[in-house]
Amino acid sequence: MTTSTFRRDVAATSLVVTAVLSAVSTATAPEFPSGYTDRLAAIDQAGALSWVSALTFTLAQLPFLVAVLGVGHLLRDEASRLSVVGVCLASVGAFGHAVFGGVSLVSVVMAQDAATRSTSAALLADVEGSPVMLFAAMGLLGTVFGLLVLAAALWRTQVAPRWVPVLVAAFLVVEFVGGNLASWAPQLSAVLYLVAFGALARTVHAQATDDAASRTGLGHDVPAPAVPA
């Protein structure tokens, strides 16, 4: 296995892993009421599922970063500028979400002590009114615009089936707009994410296989060795 083949296989695996972790996080996330005290109570009531949701959301950011680097590498020849911009924005999004994932984990710990819940709610309100929320904005905006730019590059280059960037764009709309309109939107966005990233993983893996075949001569006409007269 060559270095480039290994790199692309890691990227393909990361595409699948981040989609699965994100889907698990969505499926196990409790519903969050508007009030901070009620939100902490809902987190506590969800029990272990709150831990699973917060942990998988935070863990998903590392394979997400590797995944977008792999997609950017896939696009580098035919859409170099878009790939660089998309990867940079998405990387900022991964960083912002990772930092805010830490806040989510702390919230789960705070929610477990019912005796201090009112104090914890006040602290959570202070956190969400502080510059810490800049990281949440980085996560949101970086992810949305990064994936949107990469989807545009995928549409333009057609290195993946045309329906893949359409699904990525649909995921962004359902996840970040539809979630405020319908209770089933998070589940639908998770399915769109899984299918789109799964298809991208297959495309990246296929390119790695093609590269390996081209280096070994498999799948190509190789001239027969000359036979001495």
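The values are calculated or read from the model by the stated rules, or taken from the named source; none is laboratory data. Everything quoted here is computed from the prediction, not taken from an experiment. FYI the Cβ positions are ideal-geometry reconstructions off the backbone, even for glycines, and counts take in every protein chain you see. With ligands, DNA and RNA removed, areas are computed over all heavy atoms of the protein, side chains included. Shrake-Rupley method; radii C 1.70, N 1.55, O 1.52, S 1.80 Å.
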*In the list 41, 79, 46, which residue meets the criterion of being closer than 14 Å to residue 27 by Cα and either in contact with a Gly (Cβ under 9 Å, 6 or more places away or on another chain) or not aromatic (Phe, Trp, Tyr) (or both)?*
46
_Where the second residue is assigned to a helix (DSSP H, G or I) and open to solvent by 40 Å² or more (accessible area, probe 1.4 Å) and the first is more than 10 Å from residue 40 (Cβ to Cβ) and lies in region 102-126, which pairs have Cβ atoms under 6 Å and are six or more apart or on separate chains?_
125/36
*Residues of region 73-98 classified as in a helix (DSSP H, G or I) and open to solvent by less than 10 Å² (accessible area, probe 1.4 Å), total*: 7
_Need the failing condition index for residue 184 against (1) in contact with a Pro (Cβ under 8 Å, 6 or more places away or on another chain); (2) open to solvent by 40 Å² or more (accessible area, probe 1.4 Å), just the number._
(1)
_Residue list for region 99-146, filter: open to solvent by 40 Å² or more (accessible area, probe 1.4 Å), among the charged types (D, E, K, R) and in a helix (DSSP H, G or I)_ = 126, 128
*Only residues in region 24-43 that are modelled with pLDDT under 90 count as the first member; pair them with residues that are in a loop (DSSP other than H, G, I, E, B), Cβ under 9 angstrom, at least 6 apart or cross-chain, and list the lot.*
31/183
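Yes/no per residue for (1) among the small types (Gly, Ala, Ser); (2) in contact with a Gly (Cβ under 9 Å, 6 or more places away or on another chain); (3) in contact (Cβ under 8 Å) with a residue 60 or more places away in the chain:
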| site | (1), (2), (3) |
| --- | --- |
| 136 | yes, yes, no |
| 141 | no, yes, no |
| 176 | no, no, no |
| 193 | no, no, yes |
| 197 | no, no, yes |
| 201 | yes, yes, yes |
*Among the residues of region 168-181, which ones are within 14 Å of the chain's Cα centre (by Cα) and buried (at least 21 other Cβ atoms within 10 Å of the Cβ)?*
168, 171, 175
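Which fully enclosed helices (runs of 4 or more DSSP H) of region 1-64 have 2 or more residues being within 22 Å of residue 192 (Cα to Cα), in contact with a helix residue (DSSP H, G or I) (Cβ under 9 Å, 6 or more places away or on another chain) and open to solvent by 60 Å² or more (accessible area, probe 1.4 Å)? Don't jump to the end; show me each part of the working.
Numbers: elements: 3-28, 36-46, 48-59.
Result: 3-28, 48-59.
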